Amino acid sequence: QGALFGDRTVTSNVKAYYFDQGQNKIYMTPDPAVVSWNTNNIQITMPDYGGYPIGAGSSPFYREVNVSTKSGRAIVYFHIL
């Protein structure tokens, strides 16, 4: 949940990433699949990221929402523990 997620008809996406030991942002593939998107809620299905060093007993991973608008670009982050 959040605000100002914008309209999915403009270029928008959700990505998942983590930080490696050197604090470099590493994007994971595939991207989460968007189930529904409106200005206050985004519902996604998360892929199996079992091949990455994240999860229980390891590093947390994050979701990044990129929303393009006519007035600029808003980025909202979600942290999952």
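The values are calculated or read from the model by the stated rules, or taken from the named source; none is laboratory data. Source: prediction; values computed, not measured. As a convention, Cβ positions derive from the backbone with ideal geometry for all residues, glycine included, and neighbour counts pool all protein chains shown. Accessible surface is based on the protein model in full, side chains and every heavy atom, while ligands, DNA and RNA are left aside. Shrake-Rupley method; radii C 1.70, N 1.55, O 1.52, S 1.80 Å.
Key figures
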| read-out | value |
| --- | --- |
| Test: residue in region 62-69 that is among the hydrophobic types (A, V, I, L, M, F, W, C), modelled with pLDDT of 85 or more and surrounded by 11 or more Cβ atoms within 10 Å (Cβ to Cβ) | no |
| Cβ pairs under 8 Å, 6+ apart, first in region 25-40 and free of Cβ contacts under 8 Å to residues at least 40 places away in the same chain, second among the small types (Gly, Ala, Ser) and open to solvent by less than 50 Å² (accessible area, probe 1.4 Å) | TYR27/ALA16; MET28/ALA16; ASP31/ALA16; PRO32/ALA16; TRP37/SER12; THR39/GLY6; ASN40/GLY2 |
| Any hit, region 47-56, residues being at pLDDT below 65 and either touching a Phe, Trp or Tyr at 6+ places or on another chain (Cβ under 8 Å) or not β-branched (Val, Ile, Thr) (or both) | yes |
